[in-house]
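One structure below.
Derivation of every value follows stated rules applied to the coordinates shown; laboratory data play no part. Because the structure is predicted, anything quoted here is derived from the model rather than measured. Cβ: placed from backbone, ideal geometry, glycine included. Neighbour counts: every protein chain shown.
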Protein chains: 2
Amino acid sequence: MPVDAYKSESALIARLRRELVAPAAAGRPARPGSGWPLDFVDDMAAIDSGPAPLLWTVDMLMEGVDFDSGRHSWYQIGRKAMAASLSDCAAMAVRPLCALCAVALNNCLSLEDAVTLHRGAHDCGIRFGCPVVGGDTNSWQAPTVVSVSVAARTEPGLAPVCRDGARPGDLIALSGPVGGSILGRHLSFEPRIELALSLRRRVLPHAMIDVSDGLALDLWRVLEASGCGATLEAPLLEALIHPDAIRLSEQDGRPAREHALYDGEDFELIAVLPAKGAEPAFADLGFRLLGRIEAEPGLRLREADGRTAPIERRGWEHFR
Amino acid sequence: MPVDAYKSESALIARLRRELVAPAAAGRPARPGSGWPLDFVDDMAAIDSGPAPLLWTVDMLMEGVDFDSGRHSWYQIGRKAMAASLSDCAAMAVRPLCALCAVALNNCLSLEDAVTLHRGAHDCGIRFGCPVVGGDTNSWQAPTVVSVSVAARTEPGLAPVCRDGARPGDLIALSGPVGGSILGRHLSFEPRIELALSLRRRVLPHAMIDVSDGLALDLWRVLEASGCGATLEAPLLEALIHPDAIRLSEQDGRPAREHALYDGEDFELIAVLPAKGAEPAFADLGFRLLGRIEAEPGLRLREADGRTAPIERRGWEHFR
């Protein structure tokens, strides 16, 4: 579940998994071979409610961190909260069903603002078959918080795609260019649900994740979950740098490549695919090759001349 | 979904239902006669996922509104966030399955604090068969927010209990004494899940709700959803005033009865039951009679001498 900025968020999740999830799961049946996500490690968790588990996710957006109500409309903010949770559904190649929207609204918001925020979330959800069906409305003195939970289900016979299935030799492909989303795309992005479902129908990705905290950090998460490493090819990455990353680079002097690797909230999909037979499917759908999974741990970038350099395990903390 | 303090929260929910939920539901099959909750009006919403819909709810708790981390431990705060959502399950007489916990943690919290908060939620959930299976971890400069979503299902053949089924002549019963929860019970209350399920197996309540925002306000919500009124008997109410309400009355000089009617976060159940045949069941289970549903709109309190006075439509905004 993306858009986190907890300083030691990986450490927190590791402890929650070890201390809370593992003991609770003891004695329960193991998850099926295809992999049901059952805890904090994936983009969604499973509701163990019979033969076809539902999946669900939650994303929390905060004023001054994920949005700025001085610059963004409440409609855009509601839309973003929904779209971020829908992007989790895309990451697992499942179809969203319905959503809950819980809010802590700053006292300055009018009733009209509150309705507009919900309308932004609801309209975005409806386009993906995912209406807002309930929630919790609160107000307070502090900055506004919006939390959207989404429930989803798999398409018949198609297990969800987890993070932990990447294997040495697999291809790494990206659904679109990344970097510089702060210039506006972080509010207007399209969750890649139909794309993910189209891919899933044609080929079983070994792993998938959406780029919420940055290409580098989110790919690191796949590698850690899967117990392997990867090398990205710099010429392939260059072709996947978004024009916004180049514009931002001209403003702040940082290399556009840095923005492509370490900015967040592109909400494109990183798909890890079997080396044999997957390429026609992902190429037809507009995914572009970026590199390969390797046995050697770590994430590297290889230049055209063959030199490699490590890619850091860090992401973007927006509005900070 | 309780613990709201939005100034015009009823107006907001009315608009969300009219402008968002109603158009989205147009063309969908009507809910079954027993009543599936499908929008903002009940304690939970239904996930329309086949013959046995899941239900889900979300509660958002905020520092300075719902808890005070200067006085309450992070374990207690996590516990309360879970217990408030579990109480929604009790209100609908459904069995919780699993939970997501989304947090925006103030930067001052340590990793240990964050784990402890989650442990409080998880331990409470586990006792009711409802582990925390995922979430979203964030940090920021502003006060801490904790949001727990819970998914639940009905027991076989037992439809959930909604708010809109109260009918003139029905009995109104309460599961325990109320008022003064601010003295501590708002943190330590027990969600009445087993009690609700036991009641549901013996008799079909026409309506049910948990006392989150106060006996008066929550009963008003049932009356509004059901399109009827009610009269409570003052001598019966006197017997349901919690000792904490009396202690608080001694401190602040307000009548204990006021605290019983207008304080919140007791998390007892208000059950509306058919006049014939229900009494042995609810009396065996410790519910106590409080009054009756009537056709005449409004909520009234009748003294022993027969005089009646209106009960206001207002609730408790805690820590304000």
- prompt: For residue B:11, which inter-copy label distances result when the label point lies 7 Å beyond Cα on the Cα-to-Cβ vector, reported in nm to one decimal and in ascending order?
  reply: 4.7
- request: Report the net charge of residues surrounding residue A:258, where surrounding means a beta-carbon distance below 12 angstrom and charges are Lys +1, Arg +1, Asp -1, Glu -1.
  value: 0
task: For every other residue with a beta carbon closer than 10 angstrom to the beta carbon of residue B:181, add +1 if it is Lys or Arg and -1 if Asp or Glu, then tell me the sum.
output: -4
- prompt: Put a point 7 Å out from Cα along the line to Cβ at residue A:286; what are the distances to that point in the other copies, in nm, shortest first?
  reply: 5.9
statement: Averaged over the residues of B:120-133, the number of partner chain Cβ atoms within 10 Å of each residue's own Cβ comes to 3
task: For the stretch B:171-310, just list the percent of Cα-Cα distances falling in each 5 Å bin from zero outward, please.
output: 2, 10, 21, 23, 22, 14, 6, 2, 0
query: Which whole number gives the average count of other chain Cβ atoms within 10 Å of the Cβ atoms across peptide B:55-64?
result: 6
task: Compute the label-point distances linking residue B:184 to its equivalents in the other copies; points lie 7 Å from Cα along Cα→Cβ; give nm, one decimal, shortest first.
output: 5.8
- request: Normalise the Cα radius of gyration of the protein assembly as shown by 2.2 N^0.38 Å (N = residues in it) and let me know the number.
  value: 0.99
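Per residue of B:140-153, what is the mean number of Cβ atoms on other protein chains within 10 angstrom of that residue's Cβ?
What the average comes to for B:140-153 is 6.
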- prompt: Using all Cα-Cα distances in chain B, what percent lands in each 10 angstrom bin from 0 up to the longest?
  reply: 6, 27, 35, 24, 7, 1
query: Just how far, in whole angstrom, is the stretch B:172-192 from the stretch A:99-121 if you go by their alpha carbon centroids?
result: 30 Å
query: Using alpha carbon centroids, what distance separates the stretch B:270-309 and the stretch B:202-237, in Å?
result: 9 Å
